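Notes to accompany the following structure.
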Amino acid sequence: IMLGDGNPLWMSFDRLKQIVEMIERYLPSCTSIASDATIQAIERKTDAELAWLADHGYRMLYVGIESGLDDVLEFIHKDHNNKEAREQIARLHKAGIDFSAHIMTGVAGAGRGIDNARATAALINELRPVHICNFSIYVGPVTELGLDEEDGLFEQATPLENLLEMRELVSLLDVPETEL
C-alpha cells in the first residue's frame, strides 16, 4: 500500500500508527507499506517509532534528496542539507526501512551539471538507496525559480546539459551494470 502522495510521515506517530493498525486489521494480506517522506519528517520520528513502523510493514520511503550540493539545496529552499540527509538515512537503515532517492538533473543550473552529478553520485553511493528516480527540472515562468531566472539569479541548464549531467552521474554510481 502506498500512503498517498505527499508526506504522510509528517503526521504524528500516533496517527500514523492508527493508519498502519487499520491496514493490518482490514487488509491482513498487505505485506508492504510505502510513502513519500522528507528528511525533516524522518527526523521527527524517534528510533523506536521508526523501528515500530518497520516491524509493522513500513518497507519503503521515497525521499527527495535532489542534489549532492548544499548550496543548491539551500537555493531551492530544500528542508535539509546533505549532512542531515546522511544522518536521517542512516537511521532509516538502522530501523530496517529502505528508501528510494529522488534526484534532480538541471537543478544546479547552467554550467553546474557535472559538478552536481559528481556530488550527487558520491552522496547516492554513500546512502545506498534501493532505487533512484530522476526528475529533470522544468522552470515555469510564474514560479519563484522562474522569477529568479528573469532577474538573472538562475539560468536553466539546456536539455543537452541535463543529458550530460545524467550520463556523468550514472557513470559514477557504484552499482553493477545489470542493476542500471
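Data for the structure
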item: Residue in segment 10-18 that is under 30 Å from Pro159 (Cα atoms) and in contact with a helix residue (DSSP H, G or I) (Cβ under 8 Å, 6 or more places away or on another chain) present; result: no
item: Given (1) among the polar types (S, T, N, Q); (2) assigned to a loop (DSSP other than H, G, I, E, B); (3) under 30 Å from Glu49 (Cβ atoms), number of the condition Gln156 does not satisfy; result: (3)
item: Top-ranked residue in segment 16-34 [being among the β-branched types (Val, Ile, Thr) and in contact (Cβ under 8 Å) with a residue 24 or more places away in the chain; ranked as most open to solvent (accessible area, probe 1.4 Å)]; result: Thr31
item: Residue, modelled with the highest pLDDT, within segment 159-180, restricted to residues that are aliphatic (A, V, I, L, M) and not in a helix (DSSP H, G or I); result: Leu173
item: Any hit, segment 50-63, residues being under 14 Å from the mean Cα position of the chain (by Cα), more than 23 Å from Glu24 (Cβ to Cβ) and not hydrophobic (A, V, I, L, M, F, W, C); result: no
item: Spans of helices (runs of 4 or more DSSP H) in segment 80-151 with at least 2 residues over 18 Å from Val63 (Cβ atoms); result: 113-127, 144-150
item: Out of Gly140, Gly111, Gly152, sole residue that is free of Cβ contacts under 8 Å to residues at least 12 places away in the same chain, of a type outside the set (Lys, Arg) and over 23 Å from Thr38 (Cβ atoms); result: Gly152
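The values are calculated or read from the model by the stated rules, or taken from the named source; none is laboratory data. Just so it is clear, the structure is predicted and the values come from calculations on it, not from any experiment. When we count neighbours, we look across all protein chains shown, and the Cβ atoms used for this are built from the backbone with ideal geometry, even at glycine. Keep in mind that these areas ignore ligands, DNA and RNA; they rest on the heavy atoms of the full protein, side chains included. Shrake-Rupley method; radii C 1.70, N 1.55, O 1.52, S 1.80 Å.
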